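Below you'll find the structure, written out as structure tokens, and then a few comments.
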Amino acid sequence: MSVNDYEMVCGIEVHAEMATKTKIFCGCTTEFGGEQNTHVCPVCSGLPGVLPVLNREVVNLAIKAGLAMNCHIAEFSKFDRKNYYYPDLPKNYQTSQYDLPICLKGWLEITIEDQTKKIGITRAHMEEDAGKLVHKGETITTSQGSFVDYNRTGVPLLEIVSEPDMRTIPEVLAYLEQLVQILEYAKVSDCKLEQGSVRFDVNISLRPRGESEFGIRTEIKNLNSYSSVRRCLEYEIERQARLLDQGERIIQETLTWDEGKGVTISLRSKEEAHDYRYFPEPDLVPLVIDREWVERIRQTLPELPAARRIRFQNMGLSEYDARVLTDSKDLADFFDQSLAHYNDAKILANWVMGDFSRLLNAHQCAVSSSPVSPLQLAELLQLIDKGTISGKIGKSVIEEMYTSGKDAGYIIKDKGLAQISDEGALIAVIDQVLAANQQSVEDYRAGKDRALGFLVGQIMKATKGQANPGKVNQLLKEKLK
């Protein structure tokens, strides 16, 4: 059998660090970075005799995320101890939620090639993060030793567990992108994948097409980029298909992804729930959430990506434009803020997705750090519409705006870039160009329309692009008659 004879079955566990200032059970900072083992205290480092206190903002963010993912918010939930030994876990157990999580039975809708599909969300629960192992090698498999940094220990996590509803790699990527966008828009997490704020555990199995029974699954842990998810799924599908074709059985195990080698590597056999010996956390009381609490959080929900895309399309933008703009909350916010001062959504979208985004990418600059503000971009487009400068000159002006941070009006005046619309000045230039290009004049009068474009180009060249193109075309045609 070939790979195409098998169907992938995939479910994802997403671990998102919640955007609180302090940890889930203590007052230590959640700020990223810092000298190793400086963001710790007796509570998060698991010293004897200490007691945890639940951070209320963690609960608020978990409720907000659950509502954004169409989940039911449980009126009664509790914390549990998940027992296992690993060097980055100072208490030898993780405070998590097991049988009574805060969010249940949600869903997200994805679109693949104009086809929509609902991906079920089994649950979302609160838990504390573990520490971080710092390996003395390029990867965990080649390391000669490891150090432990406990700064991340106790940072609040929301673990979001999907149903095994995804059947293709594009479906997986669409689900993850949609979920991360929702967490970012709702400000549940800063979603900085490069800092590990969101990490993906991918569960995958294969079955012959047409069969309904699931195969044996493997889990690939701690992926933090869409590219890594795609590559590891491609590899794992090939690997499992090859083993099945050879008559071998898939081992249920936990794997790691070696980005450099492009392969999955076995870490340990896959644990089941009973292996963790869950029991209720005796140091934390159960969590009771009334409907009033849920409704208060519901009122704070922002416009989510799907609703924003629809609003942008209702302004006349294409589905593609709306999707590009909403892929990044910061870019969509910039567009909306600029739109408050410039009301042609299509022209604005072209500039935001075009020259503005090109400059950001060239300088590896985040939208939030852009030296060109939404108001400044709107003012530039207003000057183009007024005929003060041409669109072509506008492209050079925005580059100067990005470099200097100055307003378009100042740059245009300072550099003498204002568009030439004075008929007397333009006729003088037109006469010079016509005198120097008699053959093109004769070609145009002989019916060769291309000659007109050549003459316009010569006039624009002579005025360094500052001539008003509309005026040039009008006056030139009158002269040529």
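Scanning the stretch 125-149 for residues that are closer than 17 Å to residue 258 by Cβ and either in a loop (DSSP other than H, G, I, E, B) or modelled with pLDDT of 80 or more (or both) yields 133, 136, 137, 138, 139, 140, 141, 142, 143, 144, 146. Can you spot a residue in the stretch 394-416 that is aromatic (Phe, Trp, Tyr) and either outside the structural domain of residue 352 (by TED's automatic domain parsing) or in contact (Cβ under 8 Å) with a residue 40 or more places away in the chain (or both)? Yes.
Condition check for residue 473 on (1) touching a residue at least 24 places away in the same chain (Cβ under 8 Å); (2) of a type outside the set (A, V, I, L, M, F, W, C); (3) under 29 Å from residue 382 (Cα atoms); (4) surrounded by 15 or more Cβ atoms within 10 Å (Cβ to Cβ): one failure, at (1). Total residues in the stretch 90-113 satisfying the condition of being over 27 Å from the mean Cα position of the chain (by Cα) and part of a strand (DSSP E or B): the figure is 3. In this entry, residue 43 is excluded by the filter for residues that are within 25 Å of the chain's Cα centre (by Cα) and either in the same structural domain as residue 160 (by TED's automatic domain parsing) or in a loop (DSSP other than H, G, I, E, B) (or both). Scanning the stretch 77-97 for residues that are modelled with pLDDT of 95 or more and either surrounded by fewer than 19 Cβ atoms within 10 Å (Cβ to Cβ) or small (Gly, Ala, Ser) (or both) gives 77, 78, 96. The residue that is nearest to the chain's Cα centre (by Cα), counting only those in the stretch 299-326 that are among the basic types (Lys, Arg) and under 14 Å from residue 110 (Cα atoms), is 323.
Taking the criterion of being in contact (Cβ under 8 Å) with a residue 12 or more places away in the chain, surrounded by 14 or more Cβ atoms within 10 Å (Cβ to Cβ) and within 16 Å of the chain's Cα centre (by Cα), the residues of the stretch 334-374 that qualify are 334, 353, 357, 367.
Of all residues in the stretch 48-93, exactly one satisfies the criterion of being of a type in the set (Ser, Thr, Tyr) and under 30 Å from residue 306 (Cβ atoms), namely 77.
Only one entry in 37, 55, 60 is in contact with a strand residue (DSSP E or B) (Cβ under 9 Å, 6 or more places away or on another chain) and surrounded by 16 or more Cβ atoms within 10 Å (Cβ to Cβ), namely 55. The number of residues in the stretch 431-454 that are under 51 Å from the mean Cα position of the chain (by Cα), part of a helix (DSSP H, G or I) and over 18 Å from residue 390 (Cα atoms) comes to 4.
Looking only at the stretch 204-224, residues that are surrounded by fewer than 20 Cβ atoms within 10 Å (Cβ to Cβ), in contact with a Lys or Arg (Cβ under 9 Å, 6 or more places away or on another chain) and of a type in the set (S, T, N, Q) come to 2 in all.
The values are calculated or read from the model by the stated rules, or taken from the named source; none is laboratory data. Since the model is a prediction, treat every value here as computed from it, not as a measurement. Positions of Cβ are generated from backbone atoms using ideal geometry, with glycine treated the same way; all protein chains shown enter the neighbour counts.
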